[in-house]
Each structure stands twice: as C-alpha cells, then as structure tokens.
1. Determine, yes or no, whether I180 is under 13 Å from the mean Cα position of the chain (by Cα) and within 12 Å of the ligand (Cβ to nearest atom).
2. Could you check how many residues of region 213-253 are polar (S, T, N, Q) and either in contact (Cβ under 8 Å) with a residue 12 or more places away in the chain or in contact with a Gly (Cβ under 9 Å, 6 or more places away or on another chain) (or both)?
3. Picking from T146, T175, which residue would you name as being closer than 23 Å to T31 by Cβ, modelled with pLDDT of 95 or more and hydroxyl-bearing (S, T, Y)?
4. Could you list, in sequence order, all residues of region 157-177 that are more than 12 Å from the ligand (Cβ to nearest atom), of a type in the set (V, I, T) and either under 21 Å from R234 (Cα atoms) or in contact with a Lys or Arg (Cβ under 6 Å, 6 or more places away or on another chain) (or both)?
5. Of the residues in region 73-98, how many are crowded, with 21+ Cβ neighbours inside 10 Å and away from the ligand (no atom under 14 Å from the Cβ)?
6. Tell me the residue from V227, V177 that is buried (at least 18 other Cβ atoms within 10 Å of the Cβ) and farther than 13 Å from I17 by Cα, please.
7. Within region 22-42, how many residues turn out to be buried (at least 18 other Cβ atoms within 10 Å of the Cβ), within 9 Å of the ligand (Cβ to nearest atom) and in a helix (DSSP H, G or I)?
8. Taking the criterion of being at positive phi and either more than 19 Å from the chain's Cα centre (by Cα) or not in a helix (DSSP H, G or I) (or both), would at least one residue in region 235-245 satisfy it?
Amino acid sequence: MKLTGNTILITGGSSGIGLAFAERFLKAGNTVIVTGRRENVLQEAQEKTPGLITRVSDLDSEAERIALFDWVTTNYPEVNVLVNNAGIQQRFSVLNADVKNDWSYFAKEITTNIEAPFHLSILFAPFFAAKENAAIINVTSGLAFTPFAIAPIYSATKAALHSFTMGLRLQLSDTSVEVIEVAPPAVNTNLGGAGLHVHGEPLDAFADGIFQGLEEGKSEIGYGTSVDRLRMSRDDIDKYAANMYEATKNMIE
Ligand SMILES: NC(=O)c1ccc[n+]([C@@H]2O[C@H](COP(=O)([O-])OP(=O)(O)OC[C@H]3O[C@@H](n4cnc5c(N)ncnc54)[C@H](OP(=O)(O)O)[C@@H]3O)[C@@H](O)[C@H]2O)c1
C-alpha cells in the first residue's frame with residue numbers, strides 16, 4: 001500500500017499497537033482517525049499525538065459499528081484505509097469457567113475479535129472498491145497459527161480472522177483494495193490487563209518492523225517469533241503449542 005496521503009481509520013487506536021501505528025501513519029503524512037470505548041484514553045492519545053482525530057465507539061454493538069461507518073464516510077469521505085486492530089484477550093481454565101451464569105463474558109471475545117472486524121470489513125469493502133487506492137489491514141496474532149492453550153477462545157478468534165482475511169484478499173484481488181494481515185508476536189502492551197505482556201517485544205521496535213513490512217509491500221507481516229510461526233509445519237505447530245502450554249499452565253486456575 002502507499003504509505004502517505006491516505007485517510008486511515010484505526011479501531012482500538014487509543015493505546016498499544018493501534019496508537020503506535022497511528023503515530024507512524026501521522027508522521028508519514030496521513031490523516032488518522034482512532035477509535036476506542038474510553039473517552040479519557042482517547043483524549044490522552046490525542047494530547048500525546050497532536051493531529052490525531054478520535055471517535056468514541058464500542059465495536060461490540062452492531063448499531064455502533066454501522067454508526068461508525070456512516071460517521072467516517074460522511075465526515076471523511078476520502079477515507080481509504082481501515083485497520084481492524086481493536087481486540088481483547090481473556091485467559092481462563094475450561095475447568096473453572098462459569099459459562100452457565102456468564103457466557104456473555106466469554107462471548108465478548110468472539111464479538112470484539114471476530115464479529116467486529118468481519119462486519120467492518122464487509123461494510124467498507126464496497127466503499128473502498130470504488131477508490132483508486134485502498135487497503136484493509138487486519139491485526140491477527142502469532143497465536144492464530146500456534147494456539148495459546150490458556151487463551152483458547154482468543155487464539156481461535158485470531159485463527160478465524162486469519163482465515164477471513166485470506167478470503168477477503170481473494171475476493172478483492174480484482175479491485176484496488178489491498179488486504180494485509182499483521183500477525184504480532186507478544187508485544188509489551190496492556191492487552192489482557194496491565195503486566196501480562198511485559199515479556200513481549202518493545203512496542204516501538206515492533207511497530208517499526210511492521211512498517212518496514214508495509215514498505216516492502218508484504219501482504220502477511222510477522223515480527224520476531226511470529227515470522228516463523230506464520231509458515232510453520234503442522235508438526236512444529238503441535239510442539240510449539242505444547243511447549244507454550246507447559247510454560248504457562250500455572251498462570252490460570
Ligand atoms: N500485545 C500483544 O502481545 C499482541 C499480540 C498479538 C496480537 N495483538 C493484537 O493487537 C491488537 C491491539 O492490541 P494491544 O496489544 O495494542 O492491546 P491494548 O493496548 O489493550 O489495545 C486494545 C485497543 O482496543 C480497544 N478496544 C477494546 N475493545 C474494544 C471495543 N469493544 N470497541 C472499541 N475498541 C475496543 C481499546 O480501547 P478501549 O478499551 O478504550 O475500548 C484499545 O484501544 C489486538 O487485536 C490484539 O489482539 C496483540
């Protein structure tokens with residue numbers, strides 16, 4: 001994709017990976033709109049990053065997703081890039097999950113990580129297809145390829161988003177819309193709660209690495225360990241997932 005002169009909507013761009021991408025896109029000469037549920041976090045992002053446009057929006061609501069599409073395309077009709085970045089991660093033991101009384105807690109991960117990016121992609125695809133240049137960037141995870149057993153729904157949502165992204169890319173291959181997948185490894189953000197990803201890659205180095213991949217025109221971009229995981233054999237996936245479970249199984253009760 002071209003890296004300058006775009007108008008870019010980044011979901012969940014108020015913190016972490018989305019904000020790091022927003023800062024880089026702004027610096028490269030793009031108009032950038034970020035969304036999130038918490039107004040105060042969006043405000044902090046705007047203070048830290050002058051020029052950032054913000055919009056409060058809860059992507060778990062179908063009506064709010066449609067309202068976001070309508071608001072962006074009315075107020076910024078030149079919008080030509082969607083980054084489906086918002087996501088949540090929940091770790092739990094399937095032996096202690098109170099799904100009888102609180103399935104909604106578990107379903108939320110499916111709604112935020114799958115339903116929202118699917119819906120937004122399908123809303124924007126025809127709008128973008130009429131443009132000269134456009135792109136949809138979906139943020140999946142290395143865990144789409146090597147499941148993290150203590151976050152089983154999360155890993156499955158990212159595998160689903162990877163599959164959807166492949167289908168979207170093929171369907172849009174005769175249009176101007178590029179479809180790009182970013183599959184991060186663990187990155188030091190507050191994903192899942194403060195302190196859970198401190199072992200991850202430093203955020204700035206990771207974001208710079210992904211921008212290098214964008215500059216090189218890659219359609220699937222990993223970083224660090226996720227580069228190999230994107231292309232791993234089935235036997236290696238089994239070993240990788242089992243080793244990860246051994247090392248982390250004490251983190252859930
Ligand atoms: N960090 C990692 O190790 C890692 C690894 C692989 C993939 N990823 C993926 O990278 C993406 C960004 O994660 P991150 O690490 O940057 O985590 P983060 O710092 O927690 O950022 C998540 C962002 O999503 C927003 N968000 C969450 N639920 C939302 C909803 N229902 N509606 C609208 N916005 C919502 C959050 O803002 P509000 O809470 O204010 O809504 C925040 O801006 C996610 O898709 C994640 O799965 C992260």
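The values are calculated or read from the model by the stated rules, or taken from the named source; none is laboratory data. Quick caveat: nothing in here was measured; it's all calculated off a predicted structure. Every residue, glycine as well, gets a Cβ built from its backbone with ideal geometry; the counts of neighbours run over all protein chains shown.
1. Details: under 13 Å from the mean Cα position of the chain (by Cα): yes; within 12 Å of the ligand (Cβ to nearest atom): no.
No; evaluated as a whole, the condition is false for this residue.
2. Residues that pass the stated criteria total 4.
3. Working: T146 fails: closer than 23 Å to T31 by Cβ.
Selected residue: T175, the only one of T146, T175 that is closer than 23 Å to T31 by Cβ, modelled with pLDDT of 95 or more and hydroxyl-bearing (S, T, Y).
4. Matches in region 157-177: T165 only.
5. Here is the first cut: in region 73-98, the residues crowded, with 21+ Cβ neighbours inside 10 Å are 79-87, 89.
From what is left, the residues that are away from the ligand (no atom under 14 Å from the Cβ) are 79-81.
Looking only at that region, the number is 3.
6. On the way: V227 fails: buried (at least 18 other Cβ atoms within 10 Å of the Cβ).
Result of the check over V227, V177: V177.
7. 1
8. Kept after step one, since they are at positive phi, are these residues of region 235-245: none.
Scanning region 235-245 turns up no residue that is at positive phi and either more than 19 Å from the chain's Cα centre (by Cα) or not in a helix (DSSP H, G or I) (or both).
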